């Protein structure tokens, strides 16, 4: 669980709702189902128009990373790589075959299999970097879905506010409803700006940060596997890999 994300959302809500109460406002005045439907539905619809279905589905899947990020263990994998290099020096690359079959990380397993197959270092790097680039591109595009939501949400909120004002203008004959009607209309603007700046844009940036960390983690594996293929000293490999998580 990413506690910072959860605490950040709570702090933002408490600050906004608390500020509203300090000014004598009522929390109930900020709860408007119609405004929520307009902003949430309009934003979702707009981003679906601009996004390929595969990217949209991926965005929904990785959104959980905001609260439950993918666990990465750079120190542990670095230790494994050094151990693999020692085995390779003692038994040759074929000695890694059994380890490759048992390795849990799919990317590391692929690198080990390429080693066991006797692939040249340049070929190994090329194959693994293609996978890194492809996965990073797909995930970044998915994260940008929330950037899109953050861009559309305030504008949809303004549309909701204008629709509310039109409704108010249609009821000018009843002055007693003007104040509450205008206040209700502007709730849509609050929802639009709030969703964008408290939820969608922070989510996009958090996801991009995690994608970068995952890419760096895989790049460390590539460097380790290539170093083994080139027959580097295990101590030198360990020193090189420590630079990724210091």
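A few notes on this one:
- Rg/Rg_ref, the range 57-146, where Rg_ref = 2.2 N^0.38 Å and atoms are Cα: 1.32
- Förster-model FRET efficiency, 22 Å R0, residue 212 and residue 12, C-beta, rounded to 0.05: 0.40
- With 5 Å bins beginning at zero, the pair-distance distribution over Cα atoms of the range 4-88 amounts to 3, 10, 9, 11, 14, 14, 10, 8, 6, 5, 4, 3, 2, 1, 0 %.
- Fully extended contour minus Cα-Cα distance, from residue 230 to residue 136, at 0.36 nm per residue: 31.2 nm
- Ranking of 126, 119 by count of other Cβ atoms within 10 Å, fewest first: 126, 119
- Taking the average, over residues, of other Cβ atoms within 10 Å as the packing measure, peptides 205-211, 60-66 rank 205-211, 60-66 from highest down.
- Ranking of 43, 55, 27 by count of other Cβ atoms within 10 Å, fewest first: 27, 55, 43
- The chain, helix-only ellipticity at 222 nm - DSSP H runs n ≥ 4, -39,500 (n - 2.57), divided by all residues, nearest 500: -26000 deg cm²/dmol
- Taking all pairs of distinct alpha-carbon atoms in the range 123-246, Kirkwood radius in angstrom: 18.5 Å
- Estimated FRET transfer efficiency when R0 is 30 angstrom, pair residue 40-residue 73 (beta carbons, to 0.05): 0.20
- Choice from 204, 142, 12 showing the highest fluctuation, given a GNM over the chain with Cα pairs closer than 10 Å: 12
Only the coordinates and a few stated rules stand behind these numbers; no lab work does. Since the model is a prediction, treat every value here as computed from it, not as a measurement. Backbone-built Cβ (ideal geometry, glycine too); neighbour counts: all protein chains shown.
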